[in-house]
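The block underneath contains the structure these notes are about, expressed in structure tokens.
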Amino acid sequence: MPSTAAQIMQNVVLPGDPIPSHTGDDTTIKLGPGLTQDQDVITSMKAGVLNHLEGSNRWWVESNQQRVSLQQPIHLQGNRLFPFEKWVEFAGGAELGDGFGQTIVFISHPHQYIPATGESVIGIVCGRLTEGFKVDIGAAQQALLPYLAFEGVTKKSRPNFLVGALVYARLSLANKDMEPELECVNPATGKADGFGELKGGFVFKCSLGLSRRLMDENTPILRFLAEQQIPFEITIGRNGRVWITSGSAKTTIMLANTLQNSEYLNERECREMVRKLMTMQ
């Protein structure tokens, strides 16, 4: 296993693969989604591409997480079991007969987000509690956004979000055994710095991999759109949700479709797609 950052960035890892703890410098290593540490050993928890952010020496595994569950318990007659290949083949929501008059129904949960502390996400307010808001962030369980987790808020001036409101927040607590917690304030500055309610605009879902790539300032598709001088605002959540707004509904939908279609295109294809879109306006 190579030990330099340039080499490790191109590694595909599987669950259980050890990750070298020595990365060429003595700075503190920050572990992101998909990695865990047991004493001095760092191990991958899921399959994907190992990534490294040099500025903060942060490491994480990028993958389009999927979770498959059963709609009903399995009760097979006899000792017959399906081969693993059949489970994978029918894990997209199809039905699989067991040969004994029973049907097993699989439900696919695509792009399941696993919360990680420090990540910025876009959530949907689902309800109000005594201590805060319940927010859907696309994870296995809803997150809690406390009333006091805002800039300059007091008990008398706490926010009043309606159910269904969009909120851009940061994960202040993410533990597999606890409910995730959110905050709408930058802990480094104590200011909102863009966190809070997202009003108007349009939100769409995308893969976790695409949302992470869109957060890179050197992403080709965003650079090409900026060259066309199209005025728009965009907010990207690490949980596979993107909020975008512009001067008109037509332009907003066009930009949303462009970003979604760019996921599997190279730089040349992205440039050509943007050029064709501009000629259609």
Among MET273, THR251, PRO220 the positive-end extreme of the charge dipole of the stretch 217-281 (Cβ point charges): THR251
Could you do me a favour and compute the accessible area per residue for the stretch 119-198, 1.4 Å probe, result in Å²? 51
R0 of 25 Å, Cβ-Cβ distance LEU162-ASN257: FRET efficiency to nearest 0.05: 0.35
Largest to smallest accessible area among ASP216, ASP38, ASP17 [probe 1.4 Å]: ASP38, ASP216, ASP17
Excluding ligands, DNA and RNA, the carbon-plus-sulfur percentage of the accessible area of the stretch 163-281 with a 1.4 Å probe reads 49
Take MET178 and PHE202, extend 7 Å from each Cα along the Cα→Cβ direction, and tell me the distance between the two endpoints in nm. 3.9
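Strictly over 27 Å apart at the Cα level, which of LYS205/LYS250; LYS176/LYS205; LYS30/LYS155; LYS155/LYS199 would you flag in this model?
On the way: LYS205/LYS250 18 Å; LYS176/LYS205 23 Å; LYS30/LYS155 35 Å; LYS155/LYS199 23 Å.
From the list (LYS205/LYS250; LYS176/LYS205; LYS30/LYS155; LYS155/LYS199), the Cα-Cα distance tops 27 Å for LYS30/LYS155.
The values are calculated or read from the model by the stated rules, or taken from the named source; none is laboratory data. Everything quoted here is computed from the prediction, not taken from an experiment. Note that each Cβ is placed from the backbone with ideal geometry, even for glycine, and that neighbours are counted across all protein chains shown. Side chains are part of the model used for accessible areas, which takes the heavy atoms of the whole protein and leaves out ligands, DNA and RNA. Shrake-Rupley method; radii C 1.70, N 1.55, O 1.52, S 1.80 Å.
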